[in-house]
Amino acid sequence: MRDEALLPLTSHGEQEIIAWHGGRAVTTAEFLAQAAALAAALPGAGQAVNLCEDRYLFLLAFTALLMRGQANLLPPNRAPRVVEEVVAAYPGSYCLVDRPHGALAVQQFTVAVPAGQGEGAPIRAIPEDQLAAIIFTSGSTGAPRPHHKYWGELVRGMERGRERFVLHALQGGTLVATVPPQHMYGLEFTILFPLLNGLTLHGGRPFYPEDLRRALADVPGPRVLVTTPVHLRACVAAGLAWPPVALILCATAPLSAAAAAEAEAAFGCPVQEIYGCTETGAIATRRTVAGPRWQPYGGVRLHCNDGVCRAEADFLRGAVPLNDVIELHADGFVLLGRDSDMVNIAGKRASLGDLTHRLLDIPGVEDAALIVQDEGNERGGRLCAVVVAPQLTEQAILDALRPGLDAVFMPRPLYRVARLPRNESGKLPRAELLALLEQLRRGDGVQ
Amino acid sequence: MSELTPLELEVGHLIVDTLNLEDVSAADIEADAPLFREGLGLDSIDALELALAISRHYGFQLRSDDENNARIFSSLRALAAHIAGHRVK
């Protein structure tokens with residue numbers, strides 16, 4: 001039997017401030033004691049869905065689950081049906097929430113900062129082979145697809161990030177984020193990044209530009225902002241006086257060089273874009289204003305064969321296929337395009353096949369198609385639906401769709417038609433669909 | 001029949017124009033119906049865009065940390081009332 005290798009839960013010293021929560025500094029010692037107390041109070045299970053929205057409560061729940069040896073289940077979105085599907089796939093699992101959700105028909109455990117301490121010294125290290133998280137992406141067949149993340153791989157990925165961003169220069173700084181922690185980018189850069197790299201976590205989740213300005217102003221520098229193109233654009237457009245920021249990290253959708261330049265001017269710091277996916281985590285970065293080429297993390301090897309590109313690294317188990325087609329150069333790579341079934345709207349990824357399935361699963365819907373419109377804008381477009389459902393109203397179809405869908409994927413508008421322009425082989429040519437949409441938009445009355 | 005006040009109608013136009021709601025007309029928005037999920041079905045990105053439009057038109061910034069955000073966006077009537085109480089232009 002080999003020794004189980006343990007890796008530390010955090011790089012912070014006992015008396016260092018690990019987080020700001022509700023205007024109060026939390027030391028690492030306090031945090032570990034709170035996590036241990038929460039761990040002791042959790043129900044027994046193999047896994048639990050971590051739905052906490054408050055970033056500090058998410059961190060507490062994440063750590064308590066690690067201490068208990070339970071995996072964090074992170075669903076692709078918060079839609080009740082989707083969360084229920086994930087819980088159903090892991091019998092005995094439950095949901096960790098920061099306030100009870102009435103619409104969610106699963107066992108819920110409400111996370112609060114524990115008043116007392118757990119018994120004994122808190123666990124400070126986790127076996128590298130322990131399953132830390134299972135992150136889900138929407139699969140093309142309907143069921144969310146699980147991606148297993150082991151503690152050792154997450155920790156090693158963070159080491160590569162630390163090298164890339166020269167983080168020792170930002171030690172003692174604070175990380176503020178606008179993205180939720182329930183996906184790979186959010187988990188890596190808003191939870192693990194501060195936990196393992198000596199940055200203090202801002203425990204809230206600022207949403208509007210003015211929220212973010214106050215959050216940044218309230219914390220000591222150097223400040224690191226983790227965000228998305230949509231939020232960055234909104235902040236720049238708001239024209240506020242921003243406190244000094246040392247580094248902005250941006251991901252989930254492509255950022256234009258013009259938007260990056262405006263953001264660099266408004267915040268007075270570099271904007272670094274992160275490239276990666278749920279399967280790999282972050283594997284490359286670029287300073288957007290410096291050009292389109294991405295620089296892979298140290299130790300990342302990329303190969304392309306017959307249009308399929310794969311990534312290998314010391315923090316990945318085997319060669320992982322990428323969703324994008326890339327072109328390799330001596331000084332980095334460029335993105336050429338992505339798998340056509342995947343759409344990315346407002347930074348969230350979904351399979352068009354899965355979304356169409358959810359429409360077709362509604363009783364009374366006979367045929368349906370989805371198309372992305374206005375893909376060029378920052379939100380990444382908007383889905384538009386054309387549905388054959390003679391007995392249903394548009395509103396009834398939308399009401400049936402809503403519980404299973406993230407709000408950004410709700411079609412707008414949704415049109416009912418007598419039939420879809422399918423060809424002899426049953427395929428739906430995009431040009432035909434676009435022509436039909438144009439006709440519907442002009443109100444020519446196809447139905 | 002529409003029973004919107006002039007300000008509610010104006011905010012309704014702002015919503016429809018900002019978010020390109022091509023299948024909705026401002027006068028048809030129900031004053032007490034929710035703007036998010038049910039009702040108009042707006043999402044969080046729409047809220048960001050709307051916040052920007054509101055700051056430009058009415059000269060103040062929306063905030064979510066006062067826990068009022070859900071109430072402010074609960075209906076056109078609530079949003080118009082919030083604007084009436086905070087506008088500086």
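The values are calculated or read from the model by the stated rules, or taken from the named source; none is laboratory data. Since the model is a prediction, treat every value here as computed from it, not as a measurement. Neighbour counts run over all protein chains shown; Cβ positions are idealised from the backbone, glycine included.
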Per-region count, the stretch B:54-88, residues surrounded by fewer than 17 Cβ atoms within 10 Å (Cβ to Cβ), part of a helix (DSSP H, G or I) and within 13 Å of chain A (Cβ to nearest Cβ): 3
Which listed residue is in the same structural domain as residue A:287 (by TED's automatic domain parsing), crowded, with 18+ Cβ neighbours inside 10 Å, part of a loop (DSSP other than H, G, I, E, B) and touching a residue at least 24 places away in the same chain (Cβ under 8 Å), from A:225, A:232, A:255: A:255
Which numbered condition residue A:365 misses (of (1) of a type outside the set (Gly, Ala, Ser); (2) buried (at least 19 other Cβ atoms within 10 Å of the Cβ); (3) at the interface with chain B (Cβ under 10 Å from one of its Cβ atoms)): (3)
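Table: residues versus (1) in contact (Cβ under 8 Å) with a residue 60 or more places away in the chain; (2) in contact with a Pro (Cβ under 7 Å, 6 or more places away or on another chain); (3) buried (at least 17 other Cβ atoms within 10 Å of the Cβ).
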| site | (1), (2), (3) |
| --- | --- |
| A:83 | no, yes, yes |
| A:86 | no, yes, yes |
| A:90 | no, no, yes |
| A:95 | no, no, yes |
| A:104 | no, yes, yes |
| A:114 | yes, no, yes |
| A:132 | yes, no, yes |
| A:155 | yes, no, yes |
| A:158 | no, no, yes |
Filter pass, residue A:245 being touching a Cys at 6+ places or on another chain (Cβ under 6 Å) and free of Cβ contacts under 8 Å to residues at least 40 places away in the same chain: yes
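This table checks each residue for (1) in contact (Cβ under 8 Å) with a residue 40 or more places away in the chain; (2) part of a loop (DSSP other than H, G, I, E, B); (3) in the same structural domain as residue A:255 (by TED's automatic domain parsing).
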| site | (1), (2), (3) |
| --- | --- |
| A:279 | yes, yes, yes |
| A:283 | no, no, yes |
| A:286 | yes, no, yes |
| A:289 | no, no, yes |
| A:298 | yes, yes, yes |
| A:304 | no, no, yes |
| A:311 | no, no, yes |
| A:314 | yes, yes, yes |
| A:317 | yes, yes, yes |
Condition broken by residue A:393, with the remaining ones in (1) more than 14 Å from every other protein chain (Cβ to nearest Cβ); (2) modelled with pLDDT of 90 or more satisfied: (1)
